[in-house]
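The structure appears below as structure tokens.
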Amino acid sequence: KGSAPPNFEDAFKPLAHLAEAVHLRAHRCIAAEFSRDFAADFCSPCRFSHFLRTFTRLARQLWASRRRARGVHAGALARLGEVRRLRDAKDAELRSSRVSLRLLEEEA
């Protein structure tokens with residue numbers, strides 16, 4: 001028996017806490033460097049939401065390119081296996097032909 005699947009919300013709580021921590025830290029850094037008003041405008045929840053969406057899109061693109069690369073790699077490995085099997089079959093045919101040729105030479 002396997003363990004029960006994690007609750008959907010529990011699975012994303014660490015990510016939500018991390019995102020909130022990044023938001024608050026960026027807000028504090030900008031407020032310290034510039035002003036609180038500028039930090040409030042620049043680090044608004046709306047802008048941070050756009051940042052998270054952009055980050056999510058980039059992660060999806062990276063994941064898709066890795067998945068595509070793994071697919072190409074798996075295809076290349078499959079092709080390599082086919083070529084090896086063909087080589088082994090042709091080697092067996094060549095050995096058989098050489099044996100037959102030697103037998104014919106001995107008979108002649």
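Structural remarks
- Residues within the stretch 43-68 that are open to solvent by 60 Å² or more (accessible area, probe 1.4 Å) and either touching a Cys at 6+ places or on another chain (Cβ under 6 Å) or over 30 Å from residue 30 (Cα atoms) (or both), tallied: 4
- So residue 50, is it in contact with a helix residue (DSSP H, G or I) (Cβ under 6 Å, 6 or more places away or on another chain), assigned to a helix (DSSP H, G or I) and over 18 Å from residue 12 (Cβ atoms): no
Residue by residue, here is whether (1) touching a strand residue (DSSP E or B) at 6+ places or on another chain (Cβ under 8 Å); (2) part of a helix (DSSP H, G or I); (3) polar (S, T, N, Q); (4) modelled with pLDDT under 85 holds:
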site: 4; (1), (2), (3), (4): no, no, no, yes
site: 11; (1), (2), (3), (4): no, yes, no, yes
site: 14; (1), (2), (3), (4): no, yes, no, yes
site: 19; (1), (2), (3), (4): no, yes, no, yes
site: 28; (1), (2), (3), (4): no, yes, no, no
site: 32; (1), (2), (3), (4): no, yes, no, no
site: 37; (1), (2), (3), (4): no, yes, no, no
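- Only one of the numbered conditions (1) touching a Phe, Trp or Tyr at 6+ places or on another chain (Cβ under 8 Å); (2) open to solvent by 60 Å² or more (accessible area, probe 1.4 Å) is violated by residue 23, and that is (2).
- When the stretch 89-108 is filtered for residues that are open to solvent by 80 Å² or more (accessible area, probe 1.4 Å), of a type in the set (Asp, Glu) and at pLDDT 90 or above, only 93 remains.
The values are calculated or read from the model by the stated rules, or taken from the named source; none is laboratory data. What you see is a predicted model; the values in this text were computed from it and never measured. For neighbour counting, all protein chains shown are included, and Cβ atoms are generated from backbone atoms with ideal geometry for every residue, glycine included. Keep in mind that these areas ignore ligands, DNA and RNA; they rest on the heavy atoms of the full protein, side chains included. Shrake-Rupley method; radii C 1.70, N 1.55, O 1.52, S 1.80 Å.
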